[in-house]
Structure formats: structure tokens, C-alpha cells
Amino acid sequence: MSDTQNLTLVQAVRDGLHGELRADDDVVVMGQDVGKNGGVFRATEGLYDEFGGDRVVDTPLAESAIVGCAVGMAAMGMRPVPEIQFSGFMYPGYDQIVSHMARFRARSRGRFTLPMTLRAPYGGGIRAPEHHSESKEAFYAHEAGLKVVVPSTPYDTKGLLAASIRDPDPVIFLEPKLIYRAFREEVPEEAYTVPIGEAATRREGDDVAVFTYGAMTRPTLEAAETLAEEGIDCEVLDLRTISPLDREAIVDAFERTGRAAVVHEAPKTAGLAAEITAILQKEALLYQEAPIERITGFDVPYPLYALEDYYLPSATRIEEGIREAAEFEP
Amino acid sequence: MNVFDRAYDDPVRVLDEDGTVVGDVPDLETEELVGIYRDMRLARHFDGRAVSLQRQGRMGTYPPLSGQEGAQVGSATALAEDDWIVPSYREHGAAFVHGLPPERTLLYWMGHGDGARAPDDVNVFPIAVPIASHVPHAVGGAWASKLRGDDDVFVCYFGDGATSEGDFHEACNFAGVFDTPTVLFCNNNQWAISVPRERQTRSATLAQKAEAYGFDGVQVDGMDPLAVYAVTEAAVEKARDPPDGRLRPTLIEAVQYRFGAHTTADDPTVYRDDDEVERWRRKDPIPRLERYLRDEGILDDDRVDAIEAEVEERVADAIEAAESAPRPEPRALFEHAYAELPPELEAQYAELTALREERGDAAFLGE
């Protein structure tokens, strides 16, 4: 039994980076303020002092070059871990992500692979200015050649980050900043991996299968407990990876319950919930006992913070949505 | 004088338009000089045949290089085998010099993805079509080379239009800040499709843009292969082993002209006049070097004829090889997306395979 530390999610990011930097000289952390400053969220705190400026690199402010240079480094066999300070600033690097990061392997017929992990704090709920709260994971899930990971616990964060950095393919690693410091969890001190592409059952139940990920996992579990008191027993599946999706786990949970709700903070239209609904429609139509509920952000630009509590699915909205799925009678 | 100590608008020159020596001839063996001539002839002949194949419907859209052989062959000749070329989409000639078999280039423009894959022992990145977005890759690759203690230099080719893009500036900035062994090689061919060089920037030269990033910029007559060789050799040497006080990166502006269209889908008569083309044709790098080599007694009619025959045969062989390549299997759609084929992609491939087996390829190809 290895020793553990009681870590927040952002400390688990740091711990994960630390382990991989120590284990593999080819790992390089790079981005704005990741060095001396330790990252604006402290995700890289202390790494510069330990590993130096060639491995924990303060770069100029230039998202396209941060991603693009990482593409070149990764093509040469290094394992760069570029950080974009906020996911809302990924767009200047978006051309690099979709035109090159996602396609380098395919374009070179497998000669090159890009073992790079692009990290960004993402999602809302922290009273941030514009462009600091968006949830655009569907952009990246839509892009073949990428893997997209969204952890929801410190344990998973460390393990999924290690798995991402060791993965031969490029990974978009989105860190829900609302829960960077919301709670702590015992995390092993030694390095370990949590496999990419596997969902985790956070609560078992027979009545409604609820699919979620990232920061929405906690209000979803809260809603599930409230509903349990009413006799509605939810199974809560934390997807952890949204590309590739754990289709088997999703279909399996649905087949046992016949009812489903999907919760995410991203806008509804063409979001992950639509994809999950389509999977269930195709794979498990005959098990379906109620319309599949989507409890999501609205199809509006992410609001300034005075209204963000209305925008983000709350435990109450989630509870209402799940109740719809549970109580539907044909 | 060190080539990097010149005024930005004082291009390095070795041969004038008549092949007369006007600068320092680089120290090359006779056969190396002939090699530059032969490779330019190869690129020119390849180009003519490629355009013709497109016109005959045997190839898709193709970006011609004629006029730019001096810059491409001169620069690529200055590289060591382990150095890397990061091309845009027009550097077929440079890629051949660095070892890419010409049939790969044909395959790519004939729509076969395999054409973008250089053989394992040929250090050429896949073609990049978006403008300037590959420049950061070259800086990143060179950065990796430096961090790992390797000795490899990365030469990145791009056009004058690329210097207007943010990626070019971000990449130059990183190259300077991290002092990466990168040679940023601008093929200033005067036109970004229909937009002239004067509309691209108000800078008097493109070379001077290096000043802003703290490293050397130098202009070279891009239609003078020996001058290009000399400048690139100096830049590569500096990238590998910089003297005190100089950064490794260099921005080379090779001033030249694209004789033909931007691509076979473009009609340059709409935006430029024949006089201009004629003026630049007088600077053609091939007769220029030929004249010099004949004057030096290195080439004669027999040798020129032999080179012509050799080049024609090589291109004919490449065309035959490319045209006889079988249509790629649809599995290629799926198998290179990820290192390990995800189950969902396996399922999608199985669906396609089943339908293909049931209905035949005719159902897909309209044949």
C-alpha cells in the first residue's frame, strides 16, 4: 500500500506533471506563466525550481506557436505538455489543433505520431471575466485524431494526466476549474495511470442512468441523493473521457434502467448529450422507456457572472430533468 | 564579408543573369556543381510533366515550381542528410534533393495519402497546405533537436504571403527566444496567388523582419543557385554552431519569381502582365548556371544531353510508378487516425467493409 496525499484537483494536476517530468526526460511543460510563476492556477507550482527552464518553459504569449511548436517537438519524439491558460484562449491555437495536431499521424501515414497533451482549465462557475468560462469540448470531440479527457476527481486527474502524457496520440486535457479546489481526495504519492476511454460509475441505481463529466458530476450526484429520498434511484456515470466515449458502459447502464439523462454545462445544440442520445437511440432503442433528457447550458454565449448561475445546470435543474425522465409514462 | 553583415536590401549574388561570376563562388566539387544543375533540370522537367498530367486529367490540382529551382535546389544541397526539411506545398525540388522519391510527390497530388509520407530515412515533414502554420512545427522540431543535444538543423520553406500570417511571427519570435537551430527560408516569389509582394507588407524587404526577433536576416538572389547555396550553408553552419553573440536562427529571403500559376486552378494572366514574366525569365536559374558551367569547361553538349536524358527517364519512371499504384484500400481512412484503432472506428470500418462486400466498389465509386 503506497502512501497517499490529501490533494485538491489542481494539486493532482501538479503532482501528475511532477511524476511524468521525473520519469521521462522527454516530457516538457510549456506555456504562459507556467515557469517561475507556477501557473495562474498554481498547476505547475514548484516544477520550474526542480526541473529548470528548459523543461518547464515560460513561453511568449502566443497560443498558435505554443501548440504549433509542441507539434514539432512531439513529431521529433518529445512529449510536450503545452498549457493554454484558459480554454477560452484556445481559439488562436485552434488552427494548429485541428489542421495539424489532430492530423499529423494520418497525414504522415503513421510515420509521425504526436504524443502531446494540451492542457487547459475550462468551464464556468468561478465568476471569471469573458472568455474564461466556456465549455467547448464538443469542438475537440468532433475532431478525429484527438482524444479528449475531462476529469472530475483528484485521483482521476493524476492518473488520467499520466495516461494522457504517455499516450502516443494527442490529448486535449480539459480541467474543470470550478472544482480545482472544491474538495480533496486521497491520492497515491507514486505515479499511476487511469485508462483513457473508460467511464466510472459514481453511484449505482436502477431507475435512471445519468451521464455526466467534469464539474457537473458533483451537482449531479447531489441531485441523485435528493431523488433517492423520493424513491428515484439513479445510476451516475462519470464519462471521464469524452473522446473516445465509453459507449459500452453508456449502453449497458441504459439497458439496465431504460431511462436516461445527460448533464453537461456546454450548450445543448450539437453537444455531447446529443451524441449520447443518438448512440442510445441506435444501440438500445428497444430498452427505451422515456425520452432522453438533456440538462445542459443554454445555446447562448457564456454570460458574465451575474447570470452564470442561471446558465450552469444546478442540482435543482438536474434534479428536475432526471425527474422528467423517471416519471414519464407513455 | 560575413553574409549576415550585409544590408538587408543587398542580396547575396554569385552569378549574374549571364552566368558571369560577380561574387564568391562556393567551394563545391565539380560533381556537386553538376548535381545542382541536374537537380534543377529534374525539378523543371518534373514540373512541366506534372502540369501536363493535370491538364490531361491524370492528376488533381498541382502547385508548379518553375522559376524557383535555384532557391529550392541551392538551399537543399547545403543540408546534411540528418537535417530536416519542413516544406509548404511547393518545395518538390528541395524534397527530391533531400531524398524524397519523385513518385511520392506525384502520388500526393494524385490524391494518395501515402504520397505525404517520406521514407523513414528521408527527413522531410509532410506537405503543409495552410499558410505559415507549419513554421512553428519547424521551430518546435529544432527546439527538440537542441533540447535533446542533437545536431540537426530544421529548414522551413514558406512564401512571401506567409510572412503576413500570425504563425510566421509567433514562430520567429519563439525561434529567437529559444534560440532554435532553424533556417526560415522565405521563397519570395513576388505573388501570393494574385496579391503582389508590395501588398503583403510595407517593409522594404522581408529579410529585415528578422531584426525584430533578434536574429540575422539576409536577402539572396533566389534565382542564383550558387548564391542560395552559399547563404544556406552559412545559415545551417551558424544554426549548428553559432559564434558568440549571434543567435542560431536565420531568416533568408530568396528573391525569385514563380513563372507559372499559383496552382493549376489559377490563371495568372488575370493579375500580372507578360512583360513582367518576361523580365523575370531572363533571370532563369537553369541557363544561368549552365552558362557558367560551360564557361568553366565542366559541361558540354554531350554532358547536357546525357543529363537531359537521365532526367526525362527518371520522371517517366516516377509517373509510371505513381500511375500504376493501386487505389489505396479504404482501411487507410481509419488506420492512421490513432496509434491504436479505437473500437468505434473499427466498427465504422466494419460497416463500410460489409457494404462494400455486399454492393461492390461500384456502389461507392460510380464506376
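The values are calculated or read from the model by the stated rules, or taken from the named source; none is laboratory data. What you are looking at is a predicted structure, and each value in this text was computed from that prediction instead of being measured. Here the Cβ is made from the backbone with ideal geometry for all residues, glycine too, and neighbour counts use every protein chain on show. Surface accessibility is based on the protein's heavy atoms, side chains included, excluding ligands, DNA and RNA. Shrake-Rupley method; radii C 1.70, N 1.55, O 1.52, S 1.80 Å.
Sorted from greatest to least, the principal axis extents spanned by the alpha carbons of segment B:225-350 come out as 65, 48, 38 Å. The GluC sites (Glu not before Pro) of segment B:1-77 meeting both criteria, a DSSP state outside H, G, I, E and B (loop) and at most 10 other C-beta atoms within 10 angstrom of the site's C-beta, are B:E29. Overall, chain B carries a charge dipole of about 1060 debye about its Cα centre when +1 sits on the Cβ of Lys and Arg and -1 on the Cβ of Asp and Glu, all other atoms neutral. Contact order, relative form, for segment A:83-148: 41 percent (alpha carbon pairs under 8 Å, 6 or more residues apart, mean separation divided by residue count). Which residue, chosen from A:P170, A:F86, A:L280, occupies the Cα position most advanced towards the positive end of the dipole of chain A, where the dipole is computed from +1 (Lys, Arg) and -1 (Asp, Glu) charges on Cβ about the Cα centre? Of the candidates, A:P170 comes out farthest on the positive side. Taken per residue, the accessible surface of the protein assembly as shown reaches 40 Å², heavy atoms only and a 1.4 Å probe. Its relative contact order, with pairs defined as Cα atoms under 8 Å and 6+ residues apart, puts chain A at 16 percent. Measuring nothing but alpha carbons in chain A and taking Rh as the Kirkwood radius, the Rg to Rh ratio lands at 0.97. For the protein assembly as shown, the C-alpha radius of gyration sits at 1.08 times the compact-globule guess of 2.2 N^0.38 Å, with N the residue count.
Averaged over the residues of B:124-130, the number of partner chain Cβ atoms lying within 10 Å of the residue Cβ comes to 4.
Can you pull out the buried accessible area for chains A and B, both sides counted, probe 1.4 Å, rounded to the nearest 100 Å²? For A against B, buried area totals roughly 3300 Å².
Count, for each residue of B:164-170, the Cβ atoms from other chains sitting within 10 Å of its Cβ, then give me the mean as a whole number.
5
Once Rh is set to the Kirkwood radius over Cα pairs, what Stokes-Einstein translational diffusion coefficient, in µm²/s, holds for segment B:67-119 at a temperature of 25 °C and a viscosity of 0.890 mPa s? Here the translational diffusion coefficient equals 216 µm²/s. Residue pairs exceeding 22 angstrom between C-alpha atoms, taken from B:K146/B:K238; A:K36/A:K147; A:K136/A:K268; B:K209/B:K238; A:K147/A:K177: A:K36/A:K147. With R₀ set to 41 Å, the beta-carbon distance separating A:R181 from B:E358 gives a calculated FRET efficiency near 0.15.
If you model segment A:236-330 as an ellipsoid using its alpha carbon gyration tensor, with each semi-axis the square root of five times an eigenvalue, the axes come out at 24, 16, 11 Å, biggest first.
Under the definition of Cα pairs under 8 Å and six or more residues apart, what whole-number percent is the relative contact order of chain B?
On the way: 648 pairs, mean separation 83.7, N = 367.
That works out to 23 percent.
Here the accessible area is traced with a 1.4 Å probe on the protein chains. For segment B:32-88, carbon and sulfur cover 42 percent of it.
Sorting the segments B:227-234, A:128-135 by their mean number of nearby beta carbons within 10 angstrom, highest to lowest, gives B:227-234, A:128-135.
Remark on segment B:1-90: ratio of C-alpha radius of gyration to 2.2 N^0.38 Å is 1.33.
Output needed for chain B: three equivalent-ellipsoid semi-axes, defined as square roots of 5 times the C-alpha gyration tensor eigenvalues, in descending order, whole Å. Over the Cα atoms of chain B, the ellipsoid semi-axes are 35, 26, 20 Å.
Viscosity 1.002 mPa s, temperature 20 °C: Stokes-Einstein D of segment B:46-137 from its Kirkwood Cα radius, in µm² per second? For the chosen part, D equals 159 µm²/s. Divide the volume of the convex hull around the Cα atoms of segment A:231-287 by the residue count and you get 93 Å³ per residue.
Full extension of the chain between B:V21 and B:D273 yields a length gain of 87.7 nm, computed as 0.36 nm times the residue separation minus the alpha carbon distance.
For chain A, what is the mean residue ellipticity at 222 nm derived from helices alone (per DSSP H run of n ≥ 4: -39500 (n - 2.57); sum divided by total residues; nearest 500 deg cm²/dmol)? Helix-only estimate at 222 nm: -9500 deg cm²/dmol.
Kirkwood radius and radius of gyration were both taken over the C-alpha atoms of segment B:273-343, and their ratio Rg/Rh is 1.31.
How large is Rg over Rh for segment A:1-133, taking Rg from the Cα atoms and Rh as the Kirkwood inverse mean of 1/r across Cα pairs? Let's see the in-between values first.
On the way: Rg = 15.2 Å, Rh = 15.4 Å.
Ratio of gyration radius to Kirkwood radius for segment A:1-133: 0.99.
Adding -39500 (n - 2.57) for every DSSP H run of four residues or longer, then dividing by how many residues chain B holds, sets the calculated 222 nm ellipticity at -14000 deg cm²/dmol.
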